[in-house]
Amino acid sequence: MSGESIHSEAQRLLSLVVDIYNIKDALKAEATSLGIRPQAVEDAINRDPRLTLIADLANLEKHATLSKPPRSGIIPSVAQIVGQDVRGTTGWRSVVTIRHGTADLDALEVAKDGILGWEDALGNLGIFPPLVT
């Protein structure tokens, strides 16, 4: 669990956040064929706090600063990156803490929430029905 490997894994996680956000570009490119307006994709992001946070984090990761006000209302930041042993194994994981206002969030949970946000948004847009749990 070297510092280099911890930061490398953290970068992979932050790249995942960017990939989750970039679903937007694919949806907008296919919007007409999906029977929706491209703006409907942007509106779906703006209505979901999980997706607004993903948008802000992705744009910060890609551009280092935001050129527009944060969609989530608060500029998030990476507060801490550490390596953590995984209980019951000989493995470890990189833990990235995202500070969003007064909340400290696990970036892996933020990414999972972003995926769930897209699942809900795609259902609401009529692209595919929500999964039944």
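Taken together, the residues in the stretch 76-110 that are more than 20 Å from G3 (Cβ to Cβ), modelled with pLDDT of 90 or more and over 14 Å from the mean Cα position of the chain (by Cα) amount to 4.
Screening G123 with (1) at pLDDT below 95; (2) surrounded by fewer than 11 Cβ atoms within 10 Å (Cβ to Cβ); (3) part of a helix (DSSP H, G or I) gives one miss only, at (2). Of all the criteria given as (1) surrounded by 14 or more Cβ atoms within 10 Å (Cβ to Cβ); (2) in a loop (DSSP other than H, G, I, E, B); (3) in contact with a Ser or Thr (Cβ under 8 Å, 6 or more places away or on another chain), the one not satisfied by I74 is (3). Inspection of the stretch 89-110 finds no residue satisfying the criterion of being of a type in the set (S, T, Y), farther than 13 Å from A10 by Cα and either touching a residue at least 12 places away in the same chain (Cβ under 8 Å) or surrounded by 17 or more Cβ atoms within 10 Å (Cβ to Cβ) (or both). Within the stretch 96-120, being out of contact with any helix residue (DSSP H, G or I) (no Cβ under 8 Å at 6 or more places or on another chain), farther than 15 Å from T52 by Cβ and not in a helix (DSSP H, G or I) holds for R99, T102, D104, D106.
Yes or no, residue by residue, for (1) of a type outside the set (D, E, K, R); (2) under 23 Å from I127 (Cβ atoms):
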| site | (1), (2) |
| --- | --- |
| D25 | no, yes |
| S33 | yes, yes |
| E61 | no, no |
| G88 | yes, no |
| R93 | no, no |
| D113 | no, yes |
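Within the stretch 44-71, work out how many residues are surrounded by 15 or more Cβ atoms within 10 Å (Cβ to Cβ) and under 15 Å from K24 (Cα atoms). The qualifying residues number 14.
Just one of the listed residues (L13, L60) is closer than 29 Å to F128 by Cβ, touching a residue at least 12 places away in the same chain (Cβ under 8 Å) and in a helix (DSSP H, G or I), and it is L13. Looking at the structure I just gave you, is V17 farther than 28 Å from G123 by Cβ and surrounded by 13 or more Cβ atoms within 10 Å (Cβ to Cβ)? In short, no. Return a yes/no flag: does the stretch 28-41 have any residue that is out of contact with any strand residue (DSSP E or B) (no Cβ under 7 Å at 6 or more places or on another chain), more than 12 Å from G114 (Cα to Cα), open to solvent by 40 Å² or more (accessible area, probe 1.4 Å) and not in a helix (DSSP H, G or I). Scanning the stretch 28-41, I find at least one residue that is out of contact with any strand residue (DSSP E or B) (no Cβ under 7 Å at 6 or more places or on another chain), more than 12 Å from G114 (Cα to Cα), open to solvent by 40 Å² or more (accessible area, probe 1.4 Å) and not in a helix (DSSP H, G or I), so the answer is yes.
The values are calculated or read from the model by the stated rules, or taken from the named source; none is laboratory data. Computed from a prediction, not measured in an experiment: that's the story for all the values here. Using ideal geometry, Cβ is built from the backbone for each residue, glycine included, and neighbour counts are taken over all protein chains shown. For accessibility, only protein heavy atoms count, side chains too; no ligands or nucleic acids. Shrake-Rupley method; radii C 1.70, N 1.55, O 1.52, S 1.80 Å.
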